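K.L.:
Could you have a look at this structure, given as structure tokens, before my questions?
The values are calculated or read from the model by the stated rules, or taken from the named source; none is laboratory data. Bear in mind the structure is a predicted one, so any value in this text is a computation, not a measurement. Quick reminder, even Gly has a Cβ in these numbers, built from the backbone with ideal geometry, and neighbours come from all protein chains shown. SASA here: full protein model, heavy atoms, side chains in, ligands and nucleic acids out. Shrake-Rupley method; radii C 1.70, N 1.55, O 1.52, S 1.80 Å.
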Amino acid sequence: MTSEFKVIIIGGGMGGLTLAHACLNQGISVELYDKRDLKTMLSGPGGIFIQHNALRVYKLLNSGQLSQRFYQQGGKILKGGFFSQTGEPLYINSPEFIREDNLGVCLLRPELQQILFETLPPEIVHPGVAFENFQDTGNQVRVSFSDGRTVEGDILVGADGLYSKVRARLQGQERLEEPVYSGTCCWRGYFNTSSLSLDSRYSWAEFWGQGHRFGYFDVGGGRFAFYAFNNTSAGGNDDAVGGSLKALRSIFQDYADPIPAIINILDPEKIYRDDIVDRPPLGSQWGQGRVTLIGDAAHPVLPTLGQGGCMAVEDGFELAKQLSVHTGSEDNISELLREFEAHRSQRVTRVFNTSRQIATLAQADTAIGCWLRNWIYKLTPTRLADLQFKWLFDYQPKP
């Protein structure tokens with residue numbers, strides 16, 4: 001691949017920034033644009049899992065410096081599992097099931113974004129520039145922005161998330177149709193453990209109730225991120241009950257320790273609530289011509305497996321690797337992009353389906369449904385229960 005070949009990325013989230021790193025790793029020129037100002041682009045609620053399948057990518061980028069930074073900043077994913085509302089273990093997972101001493105690392109989203117951004121050359125990322133449209137001229141793609149500027153490159157990648165404008169333009173729309181609501185809202189944030197005693201055996205835990213669940217995980221520096229789900233109508237807020245903190249206390253007051261104790265130390269100003277949504281898979285073709293998509297722009301999934309960001313990381317690496325074999329033929333570019341999409345479609349579709357299946361179990365909202373769920377998990381041998389997750393870690397990126 002020659003340096004004259006240029007990739008234009010729209011979207012400065014985890015997927016877009018990782019793709020920029022992967023392109024540079026392959027000697028590909030890249031420019032990234034995001035409509036948000038830099039401060040907003042580097043922000044985000046709660047924490048995120050970078051599991052070993054994604055970490056294997058980062059170990060191949062920047063001479064392994066990114067993965068080293070993540071471990072220095074975040075918290076290792078060690079032993080953890082699912083518990084009933086009363087604190088009874090349902091399924092305990094240990095890193096040994098993938099023959100590693102940890103399953104990856106968790107970080108607060110702003111800290112992850114900051115590391116990915118500051119380790120790129122400063123001229124690569126252009127915040128505060130909103131994508132407007134593109135034109136595939138056959139031998140290039142011309143990208144226009146709302147401030148009137150235009151840039152040209154060899155391919156355009158939409159890494160602009162759930163409401164991707166690149167995807168909308170591919171479909172001839174101004175904006176995408178609404179995503180599919182899961183029936184569940186989520187609160188997210190983080191807390192400091194200095195005034196709280198957590199079970200030191202677990203770096204993460206998720207407690208399952210009837211129509212709601214609460215989880216937390218280590219993000220390093222004595223801090224833990226939390227998330228809480230509740231079955232409810234779309235578009236709701238907590239104003240009627242006096243705010244998010246009161247809503248959480250009401251829903252989770254009967255949970256076993258440490259859940260009520262965690263809620264009591266949360267800062268109400270730092271709790272973020274949104275509705276949980278996804279979109280059905282696009283199949284084996286995500287783009288057309290010189291335009292493709294990665295991450296949530298192509299395949300948003302429910303957060304049940306903690307693999308949404310990891311899939312974007314895999315996408316970015318595999319796309320850059322695919323482009324590295326570009327022969328210089330104009331027809332070759334479109335073929336490479338369609339091959340990339342077809343190659344990724346089966347895995348991301350499986351993640352989509354599995355995420356929905358486990359979310360349905362975790363959010364069971366009838367007494368009999370919860371009893372059956374808990375009974376099944378308790379009676380299933382751990383080695384068999386591990387199989388529902390082991391395939392996720394089989395991904396082995398090749399340099």
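K.L.:
Is it the case, given these coordinates, that Ile294 is closer than 19 Å to Asn237 by Cα, surrounded by 13 or more Cβ atoms within 10 Å (Cβ to Cβ) and touching a strand residue (DSSP E or B) at 6+ places or on another chain (Cβ under 8 Å)?
P.N.:
No: the conditions fail for Ile294.
K.L.:
Please tell me if Gln396 is under 21 Å from the mean Cα position of the chain (by Cα) and buried (at least 19 other Cβ atoms within 10 Å of the Cβ).
P.N.:
Criteria not met by Gln396.
K.L.:
A further question follows. Give segment 190-235 a look and list any residue that's over 25 Å from Gly369 (Cα atoms) and of a type in the set (Gly, Ala, Ser), or say none.
P.N.:
Passing the criteria: Ser194, Ser195, Ser197, Ser200, Ser203, Gly220, Gly221, Gly222, Ala225, Gly235.
K.L.:
Hey, another quick one. Look through Pro280, Pro300, Pro268 and report the one residue that is closer than 17 Å to Leu176 by Cα, surrounded by fewer than 17 Cβ atoms within 10 Å (Cβ to Cβ) and modelled with pLDDT of 95 or more.
P.N.:
Details: Pro300 fails: surrounded by fewer than 17 Cβ atoms within 10 Å (Cβ to Cβ); Pro268 fails: closer than 17 Å to Leu176 by Cα.
Checking each option against the conditions leaves just Pro280.
K.L.:
So in segment 140-173, with the set limited to residues that are over 30 Å from Asn353 (Cβ atoms) and acidic (Asp, Glu), which one is surrounded by the fewest Cβ atoms within 10 Å (Cβ to Cβ)?
P.N.:
Of the residues in segment 140-173, the ones over 30 Å from Asn353 (Cβ atoms) are 140-154.
Of the ones still in play, those that are also acidic (Asp, Glu) are 147, 152, 154.
Working: Asp147: 9, Glu152: 14, Asp154: 19.
Among those residues, the one meeting the criterion is Asp147.
K.L.:
Okay, next question. Select, from Leu245, Leu282, Leu266, the only residue that is within 24 Å of the chain's Cα centre (by Cα), farther than 30 Å from Arg167 by Cβ, in contact (Cβ under 8 Å) with a residue 24 or more places away in the chain and not in a strand (DSSP E or B).
P.N.:
Leu266
K.L.:
Within segment 174-184, take every residue that is crowded, with 16+ Cβ neighbours inside 10 Å and among the hydroxyl-bearing types (Ser, Thr, Tyr) and give me the one that is farthest from Leu293 (Cα to Cα).
P.N.:
Out of the qualifying residues, it is Thr184.
Matching residues to (1) in a strand (DSSP E or B); (2) in contact (Cβ under 8 Å) with a residue 12 or more places away in the chain; (3) more than 30 Å from Gln135 (Cβ to Cβ):
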site: Arg169; (1), (2), (3): no, yes, no
site: Gln173; (1), (2), (3): no, no, no
site: Ser182; (1), (2), (3): yes, yes, yes
site: Arg188; (1), (2), (3): yes, yes, yes
site: Gln210; (1), (2), (3): no, yes, yes
site: Asp218; (1), (2), (3): yes, yes, yes
site: Ala228; (1), (2), (3): yes, yes, yes
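K.L.:
Can you tell me which residue in segment 365-386 is farthest from Ile251 (Cα to Cα), limited to those that are in contact with a Leu (Cβ under 7 Å, 6 or more places away or on another chain) and open to solvent by less than 70 Å² (accessible area, probe 1.4 Å)?
P.N.:
Step one: of segment 365-386, the residues in contact with a Leu (Cβ under 7 Å, 6 or more places away or on another chain) are 373-374, 377-378.
So of that shortlist, the ones also open to solvent by less than 70 Å² (accessible area, probe 1.4 Å) come out as 373-374, 377.
Values: Arg373: 20, Asn374: 20, Tyr377: 24 Å.
Taking the candidates together, the pick is Tyr377.
K.L.:
Ok, one more. With respect to Ser195, is the statement that it is open to solvent by 40 Å² or more (accessible area, probe 1.4 Å) and closer than 16 Å to Asp267 by Cα true?
P.N.:
yes
K.L.:
Cβ contacts < 8 Å: first residue acidic (Asp, Glu), restricted to segment 333-350; second residue open to solvent by 10 Å² or more (accessible area, probe 1.4 Å), any location; separation 6+ or different chain. Result?
P.N.:
Within 8 Å, the pairs are Glu339/Gln322; Glu341/Ser284; Glu341/Gln285; Glu341/Trp286.
K.L.:
Next question. Can you find a residue that is farther than 30 Å from Ala385 by Cα, out of contact with any Ser or Thr (no Cβ under 7 Å at 6 or more places or on another chain) and among the polar types (S, T, N, Q) anywhere in segment 46-54? Full working, then the answer.
P.N.:
To start, the set of residues in segment 46-54 that are farther than 30 Å from Ala385 by Cα comprises none.
Looking through segment 46-54, none of the residues is farther than 30 Å from Ala385 by Cα, out of contact with any Ser or Thr (no Cβ under 7 Å at 6 or more places or on another chain) and among the polar types (S, T, N, Q).
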